[in-house]
Amino acid sequence: MILGASSFAGSLPEIASEVQSVELYMPKLGIYKNSELQQGLLDSILDELSTLDVHTSLHAPYFADVPTYPKDVVVDTAKMDDRSFRLIRESIELAGRLESRAVVLHPGRINGDHDKSFSKMVDNLKSLAQTASEYDVMLGLENKEGTDPGNLCTEVEELIMAVEDVNSDYLGATLDIGHANLTCGGDMGKLREFARTLAPYIVHVHVHDNMGVWSENYDGDEHMAPGDGIIDYTVLKEIKGYKGIFNMEVFSMEDVAKGKVTLSDAVLNNK
């Protein structure tokens, strides 16, 4: 079991001292200014990373309409322009350089017409998968929370449809267990079925907790430490044969330490 944590949880050395992998969260690394990559700032991060013995994954820029997300790196995969493609391409190129395990992509937004938005997203993902093939990088399309009606790929069937329509060896699925819990309304039976159904497509896993219901705080997507919400993490045993990273998307090293215990107990020790 490879445990990881997102780079916003703490410093790189702190993360490396607790887990085996770090997910470089590209939009919040502070390496972009007016949508332009600041190579010097990135190089300083990579210099520090080179001193640590950790696996890596990357989270590419995505769509978010919240004050904490930098507006100059917003990307909607259902509505991409040249700038959007460049931003994702930079994540893919970096992943190739680092030999990262996966690059996480968010599905697009429903821009008026659901079917047209889905079709446009698939076309864009085909282009991105071609870029990924050039760098030998695996992309993982993430399921989003069903508590936000503007999201594509909240249900497992639509996520699988997108992956199959792209039909590339370089695009699989990122199972986000917290998002799936919100989509399933906190029902553990439904969550287990969600994980079982997606299992053959999974190339990466995001782990965080919530209460399974909508709230004013990020539509319920609160990114609590595993164990602080309602998720029964033995659900992760449903993805049999998965040997990739379980990346904790939490906001502090305290939450990383807590999640590490919760996940180890659930996946490794529970009979």
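Our Cα-only numbers for the range 1-85 put the radius of gyration and Dmax at 13.9, 39 Å.
How much net charge surrounds Ser50 when only the other residues with a Cβ under 14 Å from the Cβ of Ser50 are counted, with Lys and Arg +1 and Asp and Glu -1?
Charge balance in the 14 Å sphere: -4.
Put simply, the convex hull of the Cα atoms in the range 189-271 casts, on average, a shadow of 5.7 nm².
Can you tell me the mean projection area, over all orientations, of the convex hull of the chain's alpha carbons? Units nm², please.
The Cα convex hull of the chain, projected and averaged over all directions, gives 13.0 nm².
Applying the Karplus relation 6.51 cos²θ - 1.76 cosθ + 1.60 with θ = phi - 60° to the range 130-136 yields 3J(HN,Hα) values of 5, 4, 4, 5, 5, 10, 6 Hz, where x marks Gly and Pro. Dipole magnitude for the chain: computed about the Cα centre from +1 point charges on Lys and Arg Cβ and -1 point charges on Asp and Glu Cβ, it is near 400 debye.
The calculated Kirkwood hydrodynamic radius for the range 49-169 is 14.8 Å, given to one decimal from all distinct C-alpha pairs.
Using the beta-carbon distance between Phe85 and Glu48 and R0 = 22 Å, what value does 1/(1 + (r/R0)^6) give for FRET efficiency, to the nearest 0.05? Efficiency at R0 = 22 Å is approximately 0.15.
For the range 108-227, report the accessible area per residue in Å² (1.4 Å probe, heavy atoms, rounded to an integer).
40 Å²
Sort out for me the Cα centre separation of the range 28-53 from the range 162-209, rounded to whole Å. Value for the Cα centre distance between the two parts: 30 Å. Among the protein heavy atoms of the chain, carbon and sulfur supply 47% of the accessible surface, probe 1.4 Å, non-protein parts ignored.
Annotation: the antiparallel percentage among DSSP beta bridges lying fully within the chain is about 10.
The loop-placed GluC sites (Glu not before Pro) in the range 92-151, going by DSSP, that have at most 11 neighbouring Cβ atoms within 10 Å of their Cβ come out as Glu99. Only Cα pairs under 8 Å and 6+ residues apart enter the sum, and on that basis the relative contact order of the chain stands at 18 percent. Annotation for Lys237 and Glu14: the two label points, set 7 Å from Cα along the Cα-Cβ direction, are 3.3 nm apart. Straight-line reach from Lys33: taking Cα to Cα under 24 Å and skipping same-chain neighbours fewer than 8 places apart, the lysines in range are Lys71, Lys79.
The range 133-175: D in µm²/s via Stokes-Einstein (Kirkwood Rh, Cα pairs, 20 °C, 1.002 mPa s)? Stokes-Einstein gives a translational diffusion coefficient of 195 µm²/s. Across all Cα atoms of the range 41-112, the radius of gyration (one decimal) and Dmax (whole number) stand at 13.9, 47 Å. In plain terms, if you count all Cα to Cα distances in the range 193-236 and split them into 5 Å steps from zero, the share in each step is 5, 19, 25, 22, 19, 8, 1 percent. Within the listed set Arg109, Arg101, Arg83, the Gaussian network model of the chain (springs between alpha-carbon atoms below 10 Å) gives the highest mean-square fluctuation for Arg83. Helical content of the chain, expressed as a calculated mean residue ellipticity at 222 nm, amounts to -11000 deg cm²/dmol (DSSP H runs of 4 or more residues, -39,500 (n - 2.57) each, divided by residue number, nearest 500).
Positive end of the dipole of the range 212-271 (Cβ unit charges, origin at the Cα centre): among Val250, Ser264, Gly227, the Cα lying farthest that way belongs to Ser264.
Scalar couplings 3J(HN,Hα) for the range 240-256, obtained by applying the Karplus form with A = 6.51, B = -1.76, C = 1.60 to θ = phi - 60°, are 5, x, 5, 10, x, 8, 9, 8, 7, 9, 10, 10, 8, 5, 4, 5, 4 Hz; x denotes Gly and Pro. Across the alpha-carbon atoms of the range 132-255, the computed radius of gyration and Dmax are 14.0, 42 angstrom. Across the range 152-196, the convex hull enclosing all Cα atoms gives 66 Å³ per residue.
The values are calculated or read from the model by the stated rules, or taken from the named source; none is laboratory data. Here the structure is a predicted model, which is why all the values come from computation and not from measurement. Here the Cβ is made from the backbone with ideal geometry for all residues, glycine too, and neighbour counts use every protein chain on show. Ligands, DNA and RNA are stripped out before the accessible areas are found, and what is left, the full protein with its side chains, is counted by its heavy atoms. Shrake-Rupley method; radii C 1.70, N 1.55, O 1.52, S 1.80 Å.
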